[in-house]
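Here it is, the structure in full.
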Amino acid sequence: MNKSELIDELSTRMALHPKKSEALVNSILTSIIDTMKREQRVEIRGFGSFEMRNYKPYIGRNPKSGEKIQVNTKTLPFFKTGKDMKDRVNGKS
């Protein structure tokens, strides 16, 4: 499911105008992104949590040439699935 499919699904399930559904989805995503920019954790009970993780520099490899390159320190978003979602997806509930 992509973003537009999510908007359509929300619009159908909640009997909302597609523009209102789009505004809701954009508002939620913007809130998550803004919180993560402040390096704060976002937890949605039963779904999962989003957080920023710091990675140390390392020696990587250019996949095209095979040349070794220095990869600098980086901070990347990370998602951890909640137990309830794992169980529901795996048919345990």
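With everything on Cα atoms, drop me the angle between helix 18-37 and the longest principal axis of the chain, reported from 0 to 90° to the nearest 10.
The answer is roughly 30 degrees.
Under a 1.4 Å probe, what is the accessible area of the chain per residue, stated in Å²?
Counting only protein heavy atoms, the per-residue value for the chain is 84 Å².
Need the C-alpha centroid separation for the stretch 36-93 versus the stretch 5-21, integer Å.
29 Å
Let me ask you something else. Using alpha carbons only, what's the Rg to Rh ratio of the chain with Rh from Kirkwood?
Expressed as Rg/Rh, it is 1.13.
Counting only trypsin sites (Lys or Arg not before Pro) that are in a DSSP loop and have at most 14 other C-beta atoms within 10 Å, tell me the longest site-free stretch of the chain.
With a cap of 14 other Cβ atoms within 10 Å, the longest stretch comes to 1-37.
Still on this structure, please answer the following. Probe 1.4 Å, all protein chains in place: accessible area of L6 in Å², nearest 10?
We get 80 Å² for L6.
Set Lys and Arg Cβ to +1 and Asp and Glu Cβ to -1, take the dipole of the chain about its Cα centre, and tell me which of F50, T81, G60 lies farthest positive.
Positive-most Cα among the choices belongs to G60.
Something else now. Against the longest principal axis of the chain, how steep is helix 3-14, in degrees 0 to 90 to the nearest 10, with axes from Cα atoms?
20 degrees
Leaving ligands, DNA and RNA out of it, report the carbon-plus-sulfur percent of the accessible area of the chain at a 1.4 Å probe.
Percent of accessible area from carbon and sulfur atoms in the chain: 54.
Next up: Give the relative contact order (percent, whole number) for the chain; include only Cα pairs under 8 Å separated by 6+ residues.
Rounded, it is 20 percent for the chain.
Just grab the label-to-label distance for K19 and R38, each label 7 Å out from Cα along the Cβ direction, in nm (one decimal).
If labels sit at K19 and R38, their model points lie 3.1 nm apart.
The values are calculated or read from the model by the stated rules, or taken from the named source; none is laboratory data. Predicted, not measured: the structure shown is a model, and the values here were computed from it. Don't worry about glycine lacking a Cβ; one is built from the backbone with ideal geometry, like all the others, and counts go over all protein chains shown. All accessible areas refer to the heavy atoms of the entire protein, side chains included, with ligands and DNA or RNA removed. Shrake-Rupley method; radii C 1.70, N 1.55, O 1.52, S 1.80 Å.
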